[in-house]
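Before any comments, here is the structure.
The values are calculated or read from the model by the stated rules, or taken from the named source; none is laboratory data. In this text the structure is predicted, and so the values were computed from the model without any measurement. Note: ideal-geometry Cβ built from the backbone for every residue, glycine included; neighbour counts use all protein chains shown. SASA here: full protein model, heavy atoms, side chains in, ligands and nucleic acids out. Shrake-Rupley method; radii C 1.70, N 1.55, O 1.52, S 1.80 Å.
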Amino acid sequence: MENESKEEKKGGKCGGDYKHLFLAKFTQTTTQQEIDNLIQGYANLVSLVPPMISFRWGMDVSQENLNQGYTHIFESTFDSTQDIAEYVAHPAHVEYANKLLPKLEKVIVVDYKPVPVHPLS
């Protein structure tokens with residue numbers, strides 16, 4: 001599949017223990033076409049930046065009204081914090097960020113390692 005992540009191509013066994021979350025609120029002057037193009041550009045980074053395993057995105061659908069105006073959520077997967085640092089410094093990411101950031105009113109970026117929690121028996 002053309003849009004398969006590296007994780008999917010390897011049957012989900014690629015690692016990817018670290019998540020890079022990017023919450024965004026686009027400016028009011030950013031058009032839907034610009035947003036669509038920027039999302040596609042973000043997705044393209046998977047094939048341009050070697051340590052980036054996968055990319056997913058979605059829009060806020062919460063009914064709690066606690067999103068503080070953030071509308072778009074982007075999630076990238078990496079094997080380590082060093083891989084995230086390599087991604088951030090990669091020329092393709094820097095070029096992309098220089099296109100994206102001027103279109104944003106505000107942004108939050110969080111990197112974390114998910115911790116599985118199993119229900120008690």
On the formula 1/(1 + (r/R0)^6), with r taken between the Cβ atoms of Q63 and Q33 and R0 of 25 Å, the FRET efficiency rounded to 0.05 is 0.30
For the stretch 69-74, Karplus-derived ³J(HN,Hα) couplings (6.51, -1.76, 1.60; θ = phi - 60°; whole Hz; x for glycine and proline) come out as x, 6, 10, 10, 10, 10
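Could you look at the stretch 5-121 and say what percent of its accessible area is carbon and sulfur, using a 1.4 Å probe and all protein chains? Let's see the in-between values first.
Numbers: 4160 of 7510 Å².
Carbon and sulfur atoms account for 55 percent of the accessible area of the stretch 5-121.
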Karplus ³J(HN,Hα) for the stretch 91-102 (6.51 cos²θ - 1.76 cosθ + 1.60, θ = phi - 60°; Hz, whole; x = Gly/Pro) runs x, 5, 5, 4, 4, 5, 4, 5, 7, 6, 4, x
Once the dipole of the stretch 5-121 is set up from charges on Cβ (+1 Lys and Arg, -1 Asp and Glu), the residue from the list A89, I35, S54 lying farthest towards its positive end is S54
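State in Å² the accessible area per residue of the chain; use a 1.4 Å probe, count heavy atoms of protein chains only, and round to the nearest integer.
On the way: 8040 Å² over 121 residues.
So the chain comes to 66 Å² accessible per residue, rounded to a whole number.
Once you wrap a convex hull around the alpha carbon atoms of the chain, what is its projected area averaged over all directions, in nm²? Don't skip to the answer; put the middle values down first.
Working: hull surface 38.2 nm².
The number I arrive at for the chain is 9.5 nm².
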